[in-house]
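Notes to accompany the following structure.
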Amino acid sequence: MAIALITGTTVAGYLIVRADRAPVGAAFAAALLPGSRAMAVLEAEREQMIVMDAASHTMHLVGTPKLASRASASAASGGSGGGSGAGSGGYYPPPNPGTAQSIAYRMMPSFGFNPKTQFGCLDQMWNRESGWRYNAYNASGAYGIPQALPGSKMASAGSDWQTNPATQIKWGLGYIKSIYGTPCNAWAFWQGHGYY
């Protein structure tokens, strides 16, 4: 009797140790243990895996999102001062006073941008870039509301570029005007590339 018990324990131990290499060994080891519910639990897990596998193979793609192209955004924005603004939803009301958004909204006309049609694009883009936080920092070295890379580029707009939202916005609007023409053109590019 003692020899049978020792042999059974040794075989069970061997199978449990091999469980990480062979899933079948774990099932056999669990089945050998008297009064164990392990086999029932393993079988329930197996059934769940079969159901999950079947479900994952029945999913299908309904559609893919369409990204705005730079050309369509240019046509929609109607140049540097007008148009409906790609992604802005047309007319955009002034934001709450005292916010960085309000500073940008009031500053846009000095760059030739109609804030009623262009601010929505700017808002969408800078929400994603920095959440309109003047101290937003990215591991790549981008900094501030417009995520200038490197942040020190904004010194051309003012020495307080690290802490002043107005200085950062001034630099960001100048950058957008020189590279993309309008905030809606920049937003269209951002949608296609994830940066501007």
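Return the sequence-ordered ³J(HN,Hα) values of the range 97-112 in whole Hz as given by the Karplus equation 6.51 cos²θ - 1.76 cosθ + 1.60 applied to θ = phi - 60°, using x for Gly and Pro. Listing the rounded values in order: x, x, 9, 4, 4, 5, 4, 5, 4, 6, 7, 4, x, 5, 9, x Hz. Between GLU43 and ARG128, the contour length at 0.36 nm per residue exceeds the alpha carbon distance by 25.9 nm.
Would you mind telling me the share, in percent, of accessible area of the range 107-170 contributed by carbon and sulfur at probe 1.4 angstrom?
Numbers: 1360 of 2840 Å².
Roughly 48 percent, rounded to a whole number.
Here's how it looks for ALA148: its modeled amide H is under 5 Å from those of TYR143, which are all 5 or more places away or on a different chain.
The values are calculated or read from the model by the stated rules, or taken from the named source; none is laboratory data. From a predicted model like this one, the values you see are computed outputs, not experimental measurements. Ligands, DNA and RNA are stripped out before the accessible areas are found, and what is left, the full protein with its side chains, is counted by its heavy atoms. Shrake-Rupley method; radii C 1.70, N 1.55, O 1.52, S 1.80 Å.
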